[in-house]
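The values are calculated or read from the model by the stated rules, or taken from the named source; none is laboratory data. It should be emphasised that the depicted structure is a prediction, and the values quoted were computed from it without experimental measurement. Cβ: placed from backbone, ideal geometry, glycine included. Neighbour counts: every protein chain shown. What goes into the accessible areas is simple: the full protein's heavy atoms, side chains included, and nothing from ligands, DNA or RNA. Shrake-Rupley method; radii C 1.70, N 1.55, O 1.52, S 1.80 Å.
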Amino acid sequence: MFDYNAPADLLKDRVILITGAGDGIGRACALSCAAHGASVVLVGRTLSKLEAVYDEIEAAGHPQPAICPLNLETAVEKDFNDLADQLFDTFGKLDGLVHNAGLLGPRTPMESVKTEAWLQLMQVNINAPFVLTKAMMPLLRAAPDASVVFVSSSVGRKGKAYWGPYAVSKFALEGLMQVFADEQDGTSNIRANSVNPGATRTSMRAAAYPGEPPEKNPEPADIMPVFLYLLGPDSKTINGQALDAQ
Ligand code: NAP
């Protein structure tokens, strides 16, 4: 596991947006960031799941989160810009942006992948992170020490048969991270890095490996050290890196 012990107040006064915050790794990231003092902005497509995370954070007495339902598949640029305006009015800045939401999509030989499924997956896994990052730039610039985290995968670093558009979208995400990080390097207060979670006990993992005993893999909460590290001040000089959670 990535070796980092986060102090309890690591993210105090920070505002952190997480996509796909209602389930799996995104949910764990939201709970963990809130437990370390951040005001978290919960973005996702299923309101009831976001509400459950909101309630859990409130019950624990952590900073009050914000719920922003957004379907990354159907959202248009104006929706992302409206979200940015809303966050500007409420918080005035964004210290952390975690591009976590993702679809697994079809895992079949490339020639069998339906074009419609390819386009749907690219919309969620790569186009939405691009447009969301663009929309959040004024808010990220308004934060003294902003960190953007792209959640990738091992198949986004080395291609693998039958991983189809998912693998290709993660390569694109790594590319977006690298280009963006290089542009920010030495010119802004913003850094960007990617994280490969590794096999983690979520519904996406279960869908990808239906025969695997779930307890073989760590819980999402177990892989949080690398996220906390990247979202807090200790990673200030880390930019353009591809990190592993495990
Ligand atoms: P998950 O449990 O399936 O969670 C994915 C989250 O993304 C859910 O909250 C889901 O919302 C959200 N989402 C999907 N489509 C969306 C859309 N159109 N608009 C808004 N939100 C959407 O998967 P996970 O395992 O936590 O995966 C999180 C990230 O880690 C993904 O980027 C994945 O590729 C990456 N990853 C996971 C593993 C692993 O072993 N688990 C390994 C490598 C990489 P709903 O709850 O509404 O469905």
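Local charge for residue 154 was computed over the other residues whose Cβ lies under 10 Å away, with Lys and Arg +1 and Asp and Glu -1, and equals +3. Taking every alpha-carbon pair under 8 Å whose residues sit at least 6 apart, region 108-246 reaches a relative contact order of 27 percent. Take the chain with all the other protein chains still there, run a 1.4 Å probe, and you get 45 Å² of accessible area per residue.
Rounded to the nearest 0.05, what FRET efficiency is calculated for residue 12 and residue 59 with R0 set to 25 Å and r the Cβ-Cβ distance? Present the calculation step by step, with values, prior to reporting the outcome.
Numbers: r = 20 Å, r/R0 = 0.79.
My answer for the efficiency is 0.80.
State the answer as a single residue: which of 198, 91, 25 lies farthest towards the positive end of the charge dipole of region 15-244, with beta carbon charges of +1 for Lys and Arg and -1 for Asp and Glu, about the Cα centre. The Cα lying farthest towards the positive end belongs to 198.
A Cβ-based charge dipole, computed about the Cα centre of the chain with Lys and Arg at +1 and Asp and Glu at -1, lands at about 580 debye. Using a Gaussian network model of the chain with C-alpha springs under 10 Å, which one of 205, 27, 191 is most mobile by mean-square fluctuation? Maximum among the listed residues: 205.
With contacts taken as Cα pairs under 8 Å and at least 6 residues apart, the chain reaches a relative contact order of 21 percent. Axis angle, to the nearest 10 degrees, between helix 24-35 and the longest C-alpha principal axis of the chain: 10 degrees.
Relative intensity of the chain on a log10 scale, I(q)/I(0) at q = 0.16 Å⁻¹, equals -1.19, per a Debye sum over C-alpha point scatterers of equal strength in the absence of solvent. A Cα-only calculation for region 66-147 places Rg and Dmax at 15.1, 47 Å.
Counting protein heavy atoms only, the chain has 52 percent of its accessible area on carbon and sulfur, 1.4 angstrom probe.
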